[in-house]
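Okay, structure first, notes after.
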Amino acid sequence: MFTSFYLFFLIWIQFLGFSPVQQPKKPNVLFLFADDQRADALGIAGNPYILTPHIDQLAREGSRFTNAYVMGGNHGAVCMASRAMLMSGMNLFRVYDRLKDVHTMPMAFAEAGYETYGTGKWHNEREAFESGFHHGKNVFLGGMADHFGINLRDYDEDGKLGEPTVKSYSTEVFAETAIGFIKDHTSKGNGKPFFCYVSFTVPHDPYSPEGPFIGHYPDGSLPLPGNYMPFHPFEFDDLMVRDENLTGWPRRPEVIQMILSDYYALVTHLDQQIGRIIEQLKASGQYENTIIVYTADNGLAVGSHGLLGKQNLYEHSTKIPLIIAGPGVPAKETFDALAYIHDLFPTLAELSGVPTSGSLDGESLVPVIQGAKPMVRSSLFSAYRHTIRAVRDGQWKLIRYPERDYTQLFNLESDPYELNNLAEKPAHRATVERLRGLLGEWQEAYGDDQAWTASLIKPKAYDPDTLVRKPDRWQPEYVLKRYF
């Protein structure tokens, strides 16, 4: 009698739309991606000069990693390799800058029943975008562009990226596109979780803020970086690589301050637009069930060490901001665990219950986030072309320049600006040898055959007066008048 009644009860509640065992609802994922943003270009990172209230609030509502890095790059467009690592979960020496025919993060989420949506910069093959995203709108296929006139593509009726249309201003276009998607997804109410990827083109140069933000940080009002130098002290690669052409030599203090004013203005404008996206997420009722990631593809020198770009392995160019908030992530937490950008694929997959293959090199950061482990690795390896290798642990960092037979050793605890090279000090010989061995272990594990010393040694000395620069075609009138 009881069994018959229980079966009737189960049938009745299922008829009414109930289930005795409710499956947990999968969280949405909103991935907010900046381009060329230094890790310290955020108020929450201890920078008292830059205004980023919305990103700071996101960090307070979630967790922030203070030692997150891009692994490096195989050529000057470091962001291509960075984005390939992010999307594949693989290390530099497995994926380089190619995603075609690679199983990517959006593909994994799509296969798990997510609605995948992408807007903004896609710096890898278009086929990889089309394979991973159900929807694409205002997509930029390229690396550099004038923020005021950017070629953007939408999916056509065949689910392919169509012909480009010029639109402006990129930061606002991408934010408005994301807001539109959140509204549409909410109104459809199809029950599917979403994976929404919003990839901005700022604060990558051109250093051309939108009109209302010009002068937001008056010229001369921002201090120089703590490791500002007029010249890099030695040659180590191509000092004429594109990023380095954006101002002349020596790096004049007042010009670096002008660049910082424009750079910070780009970030503050970005912060404002991110605030709008998050506000729409809250208005839609989906904020509490959305994992939000804020990060960047690489850092930038902006005058540090006499450099402007990301084609080096100093902290300012390899360290990135990383904030994660949402279901399964504690609020008001800061972690110093060493993290890679390619850790985000397995991390988001685990937080969302999305299966992954065993081919990922990244490590899920969930054990750190949820307090089960203090770290997922004790050291971290980075590489740029064939010209630089670096390794760091919790305290020490070694940078090796094989073509110059030159080594740098920095104590990051006492010397975070990497100014005091200890490599030649007898007292630190054992540390150099230990880190050299650690570097070799990483190289062997990742299939990097770059020798400690190159067969042909090049001089470190160079003459800055021989470096001649010229603007590229992406620089708008504002930049040409201001910096050229």
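None of the figures in this text is laboratory data; all of them are computed from the coordinates on show. A quick note: this is a predicted structure, and the numbers were derived from the prediction, not measured. No Cβ is skipped: glycine too gets one built from the backbone with ideal geometry, and neighbour counts run over all protein chains shown.
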*Of the listed peptides 288-301, 442-455, what is their order by residue-averaged count of other C-beta atoms within 10 Å, with the highest listed first?*
288-301, 442-455
*Could you order peptides 90-97, 153-160 by the average number of other Cβ atoms within 10 Å of their residues, highest first?*
90-97, 153-160
*Can you run phi through the Karplus equation (6.51, -1.76, 1.60; θ = phi - 60°) for the stretch 395-412 and list ³J(HN,Hα) in whole Hz, with x for Gly and Pro?*
10, 10, 9, 10, 10, 10, 10, x, 6, 10, 6, 9, 10, 10, 10, 10, 8, 5
*Within the stretch 86-128, which residues have the backbone N less than 18 Å from the label spot 7 Å out from residue 386 along Cα→beta-carbon, could you tell me?*
93-94, 96-97
_Sequence of 470, 481 once ranked by neighbouring C-beta atoms within 10 Å, starting from the fewest_ = 470, 481
*asked:* Less than 27 Å apart at the alpha-carbon level, and either on another chain or at least 8 residues along: which lysines does that give for residue 425?
replied: 319, 397, 458, 460
*Tell me, how many Å apart are the Cα centres for the stretch 60-138 and for the stretch 373-420?*
25 Å
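Would you order 368, 202 from fewest to most other beta-carbon atoms within 10 Å of each residue's own beta-carbon?
Ascending number of Cβ neighbours within 10 Å: 368, 202.
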*Mean residue ellipticity at 222 nm from the helices of the chain, using -39,500 (n - 2.57) per DSSP H segment of n ≥ 4 over the full residue count, to the nearest 500 deg cm²/dmol?*
-9000 deg cm²/dmol
_Amide hydrogen neighbours beyond the local backbone of residue 387, cut-off 5 Å, H modeled_ = none
*Which ordering of 75, 232 is given by a fewest-first count of other beta-carbon atoms within 10 Å?*
75, 232
*Among the aspartates and glutamates, which fall within straight-line cross-link reach of residue 160, defined as a Cα-Cα distance under 13 Å, with same-chain neighbours fewer than 8 residues apart omitted?*
125, 127, 130
*Amide H to amide H, which residues 5 or more places from residue 125 or on other chains are under 5 Å from it, using H placed in the peptide plane?*
99, 100
*Using a simple charge model, +1 on the beta-carbon of Lys and Arg, -1 on the beta-carbon of Asp and Glu, nothing else, what dipole does the chain show about its Cα centre, in debye to the nearest 20?*
460 debye
*Note, ³J(HN,Hα) from phi for the stretch 346-363, Karplus 6.51, -1.76, 1.60, rounded to Hz, x at Gly and Pro*: x, 5, 5, 4, 5, 5, 9, x, 9, x, 10, 7, x, 8, 6, 8, x, 10
